[in-house]
Amino acid sequence: MSLFVGVDVGGTKVLAAAVTPAGRVRRVARRTTPGRLVDARLVEDALTEAVEEVAGGRRVDGVGLAAAGFVDGAGERVMFAPHLPWRGEDVRARLMERWGTTVVLDNDANCAARAEVTHGAARGAGDAVVVTLGTGIGGAVVLDGRVHRGSNGMAGEFGHMQVVPDGLACECGGQGCWEQYSSGNALVRLSRARMGQEPTLLDELCGGDPDALTGPLVTTAAEQGDAVALAAFASVGDWLGVGVANLVAAFDPEVVVVGGGVSAAGELLLAPARAALGRSLVGAGHRVVPPFLRAALGPEAGAIGGADLARAVVKGTDRRRRLRSGGSPARARRRAARGTDRRR
Ligand SMILES: [Zn+2]
């Protein structure tokens, strides 16, 4: 049986998983990401250890890397990653040489979207918008069943669409970016601003230290009916719906899938988002408003999508993704032997 491994390379942790053709995770290995100020080799050592642990001595047929960063249009390089040391490096070829197997590379949100469309909440959808609410906003657009990567591989950076002119300053240097209003960070900021002004469970949950407040603590408080936490979710959910209305206006998807840590709050987030979408969407009342669904695959979605991409590339079923170098040595040899290589 073939073995395909997906590796989610995040800013804080690496998660490698052996994934079946049906999208089931069989074995998982975790490592801590060495950080962004270290030699890239250390990150690659961590990836190697995780892949070897998952393989358990078996031959690996392909590895799909889901990297938290910008991956170039050809899927060869990580151009920039805020929390990783890669800067324009030829990560795919380097790891392929080191591991002696096919390696494919894409952005983590693109891989997660691929997984949701292939095996998860958007299964079977032709066109879908996937929004990932974590610290900030990530996402991907799926068109005609495929993740739309854009001409430079940078499509789907929804978090930095400006929704408020002259709005809150963003880490990207812009102002009024969507993720300043709808994200885990926004949830914490809104909640923290009201602590000390009115009674809230959050005081107890964070041990009286507002700096210790996290998104999951706000979720816990909201689930217990805390008014401050609920108000934060109402705002973050409302802004989610407003931003998604713009994406729906642009892409007219069948379904909108919301993943990431903040989506664990379920209806506390999705109900206000649905209301805002219905209110903000152009032509609402005269068109089908796509359903808002919670992502189905959880924190392993990136690894599942990475493995799925690697499998598709190796099996030749990913028609738009052709490996440039050494993708299938056996096939290249067969082509050369037949003299039928018409590629330019
Ligand atoms: Zn921004």
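The values are calculated or read from the model by the stated rules, or taken from the named source; none is laboratory data. The structure displayed is predicted, hence computed values, not measured ones. Please note: Cβ atoms are built from the backbone with ideal geometry, for glycine as well, and neighbour counts cover all protein chains shown. Accessible surface areas use protein heavy atoms only, side chains included; no ligands, DNA or RNA. Shrake-Rupley method; radii C 1.70, N 1.55, O 1.52, S 1.80 Å.
Quick note on segment 137-232: its Rg to Rh ratio, both from C-alpha atoms and Rh being the Kirkwood radius, is 1.11.
Once the mean 1/r over all distinct Cα pairs of segment 37-89 is inverted, what Kirkwood radius in angstroms do you read off? Display every interim value, and only then the final one.
Details: mean 1/r = 0.0814 Å⁻¹.
By the Kirkwood definition, the hydrodynamic radius is 12.3 Å.
Using the Kirkwood radius built from alpha carbon pairs, what does the Stokes-Einstein equation give as D for the chain at 20 °C and 1.002 mPa s, in µm² per second?
Values: Rh = 21.0 Å.
D, rounded to a whole number, is 102 µm²/s.
Split the accessible area of segment 223-316 by element, probe 1.4 Å, and carbon with sulfur accounts for 57%. Between Cys170, Leu187, Thr214, the Cα set farthest toward the positive side of the dipole of segment 131-231 (charges on each charged residue's Cβ, about the Cα centre) is that of Cys170. Comparing mean-square fluctuations of Glu53, Glu157, Glu204 from a GNM of the chain with C-alpha springs under 10 Å, the top value falls on Glu204. Short-range pairs are left out: with C-alpha atoms under 8 Å and at least six residues apart, the relative contact order of segment 63-177 is 20 percent.
Out of all DSSP beta bridges with both ends in segment 48-136, state the antiparallel percent to the nearest 5.
Values: 3 of 9 bridges.
If I count the DSSP bridges inside segment 48-136, around 35 percent turn out antiparallel.
From its DSSP helices (H runs of at least four residues, each -39,500 (n - 2.57)), the chain gives a residue-normalised ellipticity at 222 nm of -11500 deg cm²/dmol.
Computed over neighbours whose Cβ is under 11 Å from that of Asp108, the net charge equals -1, Lys and Arg +1, Asp and Glu -1. Bridge orientation summary for the chain: considering DSSP beta bridges with both residues in this region, about 55 percent are antiparallel.
So for segment 13-147, considering every pair of alpha-carbon atoms, how many percent are separated by more than 21 Å?
Working: 3962 of 9045 pairs.
For segment 13-147, the fraction of Cα-Cα distances above 21 Å is 44 percent.
Here segment 189-285 is treated as an ellipsoid with the same Cα gyration tensor; its semi-axes, largest first and in whole Å, are 30, 12, 10.
Take the Cα gyration tensor of segment 90-167, multiply each eigenvalue by 5, square-root it, and list the three semi-axes largest first, rounded to whole angstrom. Before the final figure, lay out each step's value.
Numbers: eigenvalues 134, 66, 24 Å².
Each semi-axis is √(5λ); the values are 26, 18, 11 Å.
Once Rg and the Kirkwood radius are both taken over the C-alpha atoms of segment 229-328, their ratio Rg/Rh works out to 1.13.
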